[in-house]
1. Mind checking whether some residue in the range A:13-22 is more than 20 Å from the chain's Cα centre (by Cα) and either assigned by TED's automatic domain parsing to the domain that holds residue A:128 or loosely packed, with under 15 Cβ neighbours inside 10 Å (or both)?
2. Kindly indicate whether residue B:110 is in contact with a helix residue (DSSP H, G or I) (Cβ under 8 Å, 6 or more places away or on another chain) and buried (at least 22 other Cβ atoms within 10 Å of the Cβ).
3. Would you say residue B:168 is at the interface with chain A (Cβ under 7 Å from one of its Cβ atoms) and out of contact with any helix residue (DSSP H, G or I) (no Cβ under 8 Å at 6 or more places or on another chain)?
4. Just to check your reading of the model, which residue among A:179, A:212 is more than 25 Å from residue B:148 (Cα to Cα) and either touching a strand residue (DSSP E or B) at 6+ places or on another chain (Cβ under 7 Å) or assigned by TED's automatic domain parsing to the domain that holds residue A:24 (or both)?
5. Looking at B:279, B:222, can you tell me which residue is free of Cβ contacts under 8 Å to residues at least 40 places away in the same chain, touching a strand residue (DSSP E or B) at 6+ places or on another chain (Cβ under 8 Å) and closer than 26 Å to residue A:134 by Cβ?
6. Within the range A:25-43, which residues are closer than 19 Å to residue A:239 by Cα and either out of contact with any helix residue (DSSP H, G or I) (no Cβ under 7 Å at 6 or more places or on another chain) or assigned to a loop (DSSP other than H, G, I, E, B) (or both)?
7. Would you mind finding the one in B:283, B:303 that is surrounded by fewer than 23 Cβ atoms within 10 Å (Cβ to Cβ) and either within 24 Å of residue A:239 (Cβ to Cβ) or modelled with pLDDT of 95 or more (or both)?
8. What number goes with the only condition from (1) in contact (Cβ under 8 Å) with a residue 40 or more places away in the chain; (2) in contact with a helix residue (DSSP H, G or I) (Cβ under 9 Å, 6 or more places away or on another chain) that residue B:163 does not pass?
């Protein structure tokens, strides 16, 4: 799924933020010639120097306005809590006809925080590539990150169709399957599939962290499958996830409430020795796994360790609709 | 770590139960010549026929007494809820000097349910190999399952040292690192590292299962990293896990209570927008991950799909003490 067009999709793409997602996109764009030029704005001089050293942007600045002036696509790749401040920098800074997009894990708040700042004639196509690892920073990116995964776009009704199509084409060129939906629907689904699981993983690893020292050492030493998986999830970027929970509060609290009720019911079943209730639930949950395996949602298989990454060669089929 | 002794470790090993763990051990014993003969007792005629068809036992019975009469090692590999009934079958059925061991995920209940049934002169060495996948049944086993993982033995104080050493040697020949500890200590550690994570995973997947149909379909379609990992854990054998929770009730309820408190605190922080509290926890949890990565606890990396399995070639070093 490489870009085979004779023309690049964009002249200049400007990234705001060069972490895991931004630097992976930049690497993919460079590798496949999807844009003529990449610029970026980052927060620190150290990151700016590192980005240039890695060669993943042609120009790098610590100032947003400098980075975005020539861009026909501005890709906001920062924690969603930074959007309000970023949006304010975009006012009056963009070419007419420029497209602003983003990669945030929450979509209603992105629209709330960025859209009001954009000038007439600038298009806005919020998006969320469902891809990632627990690593962060410009060194953690790699061009295959998005391969065979879903990207959800949540354009505001009435947005310019050509702009939506261009953003869609870019993600497809990065290897993704793209689907459009309303921002609130996105936030509800991701609250269940991603935000709640991360919250739970952070909590359980936190509970273990608070154990007395000797016991904690043994928990680390003998960490079994379940816990080990949770620690990987709970090693994700703290700033990004703080912002996700603060900005998808309603959806997260709703599903968290359901989860708490269900957990209480299980706790009671254990206390009273109600094996039939446990067995019934443990059998039902196998079904949803089968659904996921059938839907072919196993594209990338990232190793838990360091920088090692593997792509799963087994499931290159398109996921079920 | 193949057995290089000129003599097999045992003449006859009898398995009670031939699921993932039993059939993996049997395959390893066969492959490396760790015993002269393997017998087994399984519950159904279909499983008995399948075990013989797979060639992983020399003799297979639906009757425990028939399977164990000649054994110098009896390995109980059944869900821990079956131990009381299995123990009763062992009375008067074993050779003098025979060793009984097991692979159950809870150790106090195993001692409670099996030890009283064993005749004078029969040795008892309860054990728990910390290895597994979400698959079950005799077809799911493979000889590399135990490679580079921990096995915990919980012999009763005063047990015959030679018997403990023989069981230890078998697990080491299967590729494991072996450590001894008290059964109650084992149950507390595993309650944290394995039982609670499984309970949480079952709960969250159950919460998703109860969603209205259209939303559930989208949750399956767009299942992201966190949720996908949970569904794999929640696809584990329902009988085995029901028995674990019923038999490690106190330790599970204790750590579950701590978890609930911690989750309530996070829920409150989200509701009141206390970003600093979220950030503080999310940063602390990265530390424990580092501890686990440093401890080298990443030996096997089982793919999430079907029968596909990969071993992680990266971390063959011995885990930190």
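1. No, the range A:13-22 contains no residue that is more than 20 Å from the chain's Cα centre (by Cα) and either assigned by TED's automatic domain parsing to the domain that holds residue A:128 or loosely packed, with under 15 Cβ neighbours inside 10 Å (or both).
2. Here the answer is yes, as residue B:110 does meet what is asked.
3. no
4. A:179
5. B:222
6. Matches in the range A:25-43: A:42, A:43.
7. After ruling out the rest, the residue left standing is B:283.
8. (2)
The values are calculated or read from the model by the stated rules, or taken from the named source; none is laboratory data. What you see is a predicted model; the values in this text were computed from it and never measured. As a convention, Cβ positions derive from the backbone with ideal geometry for all residues, glycine included, and neighbour counts pool all protein chains shown.
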